[in-house]
Structures are given as structure tokens and as C-alpha cells.
Amino acid sequence: MELLLKSEAVDRLQRMQSWMRQASVDAVFIVQNADLYYFSGTIQAGLLCLPAEGDPIHLVQKSLSRAREESPWDGLLAMENPKKAPDLLAGAGLGRLERVGLELDVLPVNHYFRYQRVFQGVEFVDASEAIRRTRMIKSPYEVSFIRRAADMLGKAFSEIPGWMRPGVTELEISARLEGFLRNQGHQGITRMRGFNGEIGYGTLSSGPSASQPSCFPGPVGFVGLYPAIPNGGSRRQLSAGDPLMADIVGGCGGYIADKTRTFAIGRIAPDMQATHDFILDMNADIEAMLRPGTACSQIYRFALERVKDSPYAADFMGAGDSRVRFVGHGVGLELDELPVLASGFDLPLEPGMIVAVEPKMFFPGRGGVGIENTYLITDTGHEKLTVFEEAIISSDR
């Protein structure tokens, strides 16, 4: 088991403490799993207190012994009852908290009310944006896990053409793909920060499945097996000429890489092929923009401008009412991290950001084509982490 390095934990804490001092916040309470891991190296349940000065105090309900095995910090204490949290923090030297930050974008309301009852007189403020912006810049240590996640996707995608033949279902290929990835060390879960964001390994959508309306906050449609879990591959059988869109997430050490490629049995229709070629040309131009200083919104505006006078404008980034309003997003411990390549997100790209760029076009009732790559923003430009053939990949080769 690979444990969080103490140097990593210290750097992350210091960056949050810089924000705390600027915002006049005495401490930040962390309880959400992705944030817990990021700052403490463990997701054992409890309350992690990041003080504006000094080392964290982690009050652990379950399991303290495992938290001590995994966390690089020394300040881990047993907390049998959350009502005891103020006394435990006071005993650790944090007894005069007046202004405390919370993860208000993800914290359940009943937890918030409990903190108000337990920490009488404390003013609670929203620290979620500061947390997300701290996590937005990845260290070389974090990038190493994302590289491994991208590498397992490359190996898995090389296997897909051999699994494709007429009559095979999306579900059968999905099951093979997931088993292959699991044996490569895939973590088996994809975390999302957004409310009700649920996804497994991603989706394999053949033919019209890719243009199926979906509540998922991404452009690719899918049918799934049940309305209760409308996720992943369905029992639809592959046919010759259908595009198969594989939008899959690799996962290693908690970190993810996001990648899409389009496959086919034989050749797809000429208009779909022409559309895919258009996508590749546009993506090459987007890649040239992936460098420090480029505003995220500028990239999205460029993509919209590129497609507006084309035959593809109506179903760019989603079919019909499933269209999304971005062309890329950050990835890391969660699939929907900052930055977002979208209107209104004027933050410039910085070295250390990891972004997934996914220009895609859809044909209602027929399917979709496109690609997605995960990129590291470097000091001088970018590095593509999901290196793999980008043309439509035929099983007939």
C-alpha cells in the first residue's frame, strides 16, 4: 500500500493555511472522503481540523488504528462522540476557534446544523472554493498516479478491438474491460464532487446508445440496465458500421485519468467519419492553446466558434437536451475537478493543472464520435498523458 508522503501533506496544509490567513479563518474542518485523503492520507471517518497555524488534529471515529497506519500526521485522537469534538480540540491546543471553514459545497445540511449546535459561538464560512483551488494544482507525486491511471487505459483500449464482433453486447465488452482494468490495479471507483454524481468505470455506448438522453453531467449518452442505475453498458448488440464510443476512467491511488476513443466494426458512415476528422482537426487547435496563461473560457469560446457554422453545431457536446456547456474539465481525485473549460471560467491555465479535453459530436438516433485526452499543463505548454491512436479504430484491422 502506497502511503501519502509527509512532504506532500505538509505542502498541501501550508497552501490551505495561506488562504486561511488571508480569509481570517482560524481552522478548516474536513470530512468529505476525497478531501480527507488529500489532506490526511486516510479516509477513516471523523473530523480533520486544519488549523491556521501548526499541524492538523484528526478526530477519528472509525478506525483509529488504521488511520494511524495510513496518515503521516501525529495528531490523531479517538472521538467516540462528535459532541466531544470541542473538548478534544481544546485539549490539543485549539480551544479558541471563532471562524471556521467548512466544505459547504458537499457537506450535508444535518452535519452543518450539528456543528452549529456543538461549536457554540463559532462562525462557519465556506472553504470549498479554497479547497478545490488548492487541489487544482497537482504535484509531481500526484501526476505519477495519474500517469499510471492513463497507462492502464492504454493497455485496456488496445484490447477492445479484439472483443468486438457483431452480436456482442455493450455489457459483455464493459465486463471484460472492467475486469481487465481491475487486474491492472484499477481502484474500482470513480469519485465525483457534484451532488448525485454517480459513475463506475465510464461507459461503452454503441450506435444510438451514445445519443441517448442522460442525466449524467457529461456529453456521452448511455442506456444502462435499469432506470435506477442508468449507467454503463446495456444489452444492446453491436452491429457492423456502428460507432462504439468508449469513455472510460482509469484509477490509481485515488487519482484518475479520463479518456475516450471511437471504435467500429468495419467502417462507419461517411458523414460520421468526416465529423470525426473535423473533431481531430479542432482538437489539434485546442491542444495548441493548452499552455499557461490561456483562459479556460477562451478555449470553450474557440470550440463554439469553430462549430457554429458547421453542420455539427446543434449536437456538439451532447445530443438534444443532453448537451453540456463545456469542452473540458479538471481531473484528479475526482472526475469533476477545477478548472472547467467553459464560459465564465476565466481562470488562466497554470502549470500543474490536469485537464481532460473532450470534443464530441452526436447524431440523434445513430450515435456519436469524438475523443478525449487527459493533459498536464507544463511550464511551456502541455503533455498528453493518454497517448493512443486517435483515428477511428476498426476491429477489422
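The values are calculated or read from the model by the stated rules, or taken from the named source; none is laboratory data. Keep in mind that what you see is a predicted model, and the values were worked out from it rather than measured. All Cβ positions, even for glycine, are placed from backbone atoms using ideal geometry, and neighbour counts span all protein chains on display. Accessible surface is based on the protein model in full, side chains and every heavy atom, while ligands, DNA and RNA are left aside. Shrake-Rupley method; radii C 1.70, N 1.55, O 1.52, S 1.80 Å.
Of note:
- Among the residues making up the stretch 301-356, those that are in contact with a helix residue (DSSP H, G or I) (Cβ under 7 Å, 6 or more places away or on another chain), touching a residue at least 60 places away in the same chain (Cβ under 8 Å) and not in a loop (DSSP other than H, G, I, E, B) are Gly330, Glu337, Leu338, Pro339, Ile354.
- Residue within the stretch 282-299 that is assigned to a helix (DSSP H, G or I), of a type in the set (A, V, I, L, M, F, W, C), open to solvent by 30 Å² or more (accessible area, probe 1.4 Å) and under 20 Å from Gly370 (Cα atoms) present: yes
- Filter result for the condition that a residue is under 25 Å from Ala391 (Cβ atoms) and in a loop (DSSP other than H, G, I, E, B), over Ile268, Ile279: Ile268
- Checklist (1) closer than 18 Å to Gly194 by Cα; (2) open to solvent by 10 Å² or more (accessible area, probe 1.4 Å) applied to Ile131, failing item: (2)
- Count of the stretch 42-54 residues which are touching a Phe, Trp or Tyr at 6+ places or on another chain (Cβ under 8 Å) and either more than 18 Å from Glu129 (Cα to Cα) or open to solvent by 40 Å² or more (accessible area, probe 1.4 Å) (or both): 2
- Looking across the stretch 12-33, the residues that are farther than 26 Å from Pro82 by Cα and open to solvent by 70 Å² or more (accessible area, probe 1.4 Å) come down to Gln14, Arg15, Arg21, Gln22.
- Gly179, sole failed condition from (1) in contact with a helix residue (DSSP H, G or I) (Cβ under 7 Å, 6 or more places away or on another chain); (2) over 19 Å from Pro243 (Cβ atoms); (3) open to solvent by 10 Å² or more (accessible area, probe 1.4 Å): (1)
- Filter result for Ala228 (more than 25 Å from Tyr38 (Cα to Cα) and surrounded by fewer than 24 Cβ atoms within 10 Å (Cβ to Cβ)): yes
- Of residues in the stretch 313-328 being touching a strand residue (DSSP E or B) at 6+ places or on another chain (Cβ under 6 Å) and open to solvent by 20 Å² or more (accessible area, probe 1.4 Å), the one modelled with the highest pLDDT: Phe326
- Of the residues making up the stretch 241-257, not a single one is among the hydrophobic types (A, V, I, L, M, F, W, C), free of Cβ contacts under 8 Å to residues at least 12 places away in the same chain and either surrounded by fewer than 24 Cβ atoms within 10 Å (Cβ to Cβ) or over 30 Å from Lys308 (Cα atoms) (or both).
- Condition met for Glu123 (open to solvent by less than 10 Å² (accessible area, probe 1.4 Å), of a type in the set (D, E, K, R) and closer than 13 Å to Phe29 by Cα): no
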